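For reference, the structure is listed below as structure tokens.
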Amino acid sequence: MAREARHAGINWTFAPVVDINTAFRSAIAGTRSFGSDVARVLAHASAYLRAMQSEGLACTAKHWPGEGQDDRDQHLVTTTNPQTMAEWDATYGHLYGSLIEQRVMSVMPAHIALPAWQRERPGRPASMCSELTIDLLRN
């Protein structure tokens, strides 16, 4: 797939999806996730990342800070990841940290809030929140 994309002039893929399918009715994670097991999601996302980036495609881990906890569609409304920071660290924090260590080239912020981390503007989605994209993700 990576070779075909490169031959077509494509050099960036908006994947892998590292959502955890916890809310089984999730319109996003329910159809795109590698599953509900963090180790399985990481194994598949890592394999995708290695394959694509070894062939010259930049990968994008998404949906930051973590889709699959809310059964609403974050393309229609701001959704919420209700995890505590300890839960988040063990799941999404682990996934994103591992992919960053593997040199994923980009991360896509989503219209998802993480109130456990947010102090200044709880409920603001990562797509519009420096607390999540700068403080938590980059730092």
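Report whether or not residue 24 is among the hydrophobic types (A, V, I, L, M, F, W, C), more than 14 Å from the chain's Cα centre (by Cα) and assigned to a loop (DSSP other than H, G, I, E, B). Taking the combined requirement at face value, the residue satisfies it. Picking from residues in region 110-139 that are farther than 20 Å from residue 94 by Cβ and among the basic types (Lys, Arg), the one that is most open to solvent (accessible area, probe 1.4 Å) is 119.
Counting just the residues of region 85-109 that are open to solvent by 70 Å² or more (accessible area, probe 1.4 Å) and not charged (D, E, K, R), which one comes out farthest from the chain's Cα centre (by Cα)? Let's see the steps before the verdict.
From region 85-109, those open to solvent by 70 Å² or more (accessible area, probe 1.4 Å) are 86-87, 89, 94, 100-101, 103, 105; that's our starting set.
After this cut, where a residue has to be not charged (D, E, K, R) as well, the list is 86, 94, 100, 105.
Details: 86: 17, 94: 11, 100: 11, 105: 13 Å.
So the residue we want is 86.
Only one entry of 74, 53 meets the criterion of being part of a loop (DSSP other than H, G, I, E, B) and in contact (Cβ under 8 Å) with a residue 12 or more places away in the chain, and that entry is 74.
Under the condition of being part of a loop (DSSP other than H, G, I, E, B) and out of contact with any Ser or Thr (no Cβ under 7 Å at 6 or more places or on another chain), which residue from region 56-65 is most open to solvent (accessible area, probe 1.4 Å)? Full working, then the answer.
Taking region 56-65 first, the residues part of a loop (DSSP other than H, G, I, E, B) are 56-57, 65.
Next cut, out of contact with any Ser or Thr (no Cβ under 7 Å at 6 or more places or on another chain) only: 56, 65.
Details: 56: 43, 65: 0 Å².
This residue is 56.
Of all residues in region 57-69, none are farther than 16 Å from residue 137 by Cα and charged (D, E, K, R).
Note on region 1-47: among residues that are in contact with a strand residue (DSSP E or B) (Cβ under 9 Å, 6 or more places away or on another chain) and among the aromatic types (Phe, Trp, Tyr), the one that is most open to solvent (accessible area, probe 1.4 Å) is 12.
Among residues of region 77-94 that are in a loop (DSSP other than H, G, I, E, B), those with a beta-carbon under 7 Å from a residue that is open to solvent by 70 Å² or more (accessible area, probe 1.4 Å) and not hydrophobic (A, V, I, L, M, F, W, C) at least six positions away or on a different chain give the pairs 78/111.
The values are calculated or read from the model by the stated rules, or taken from the named source; none is laboratory data. No experiment lies behind these values; they were computed from the predicted model shown. Note that we place each Cβ from the backbone using ideal geometry, even for glycine, and neighbour counts take in every protein chain shown. Note: accessible area is taken over every heavy atom of the protein model, side chains too, but ligands, DNA and RNA are not part of it. Shrake-Rupley method; radii C 1.70, N 1.55, O 1.52, S 1.80 Å.
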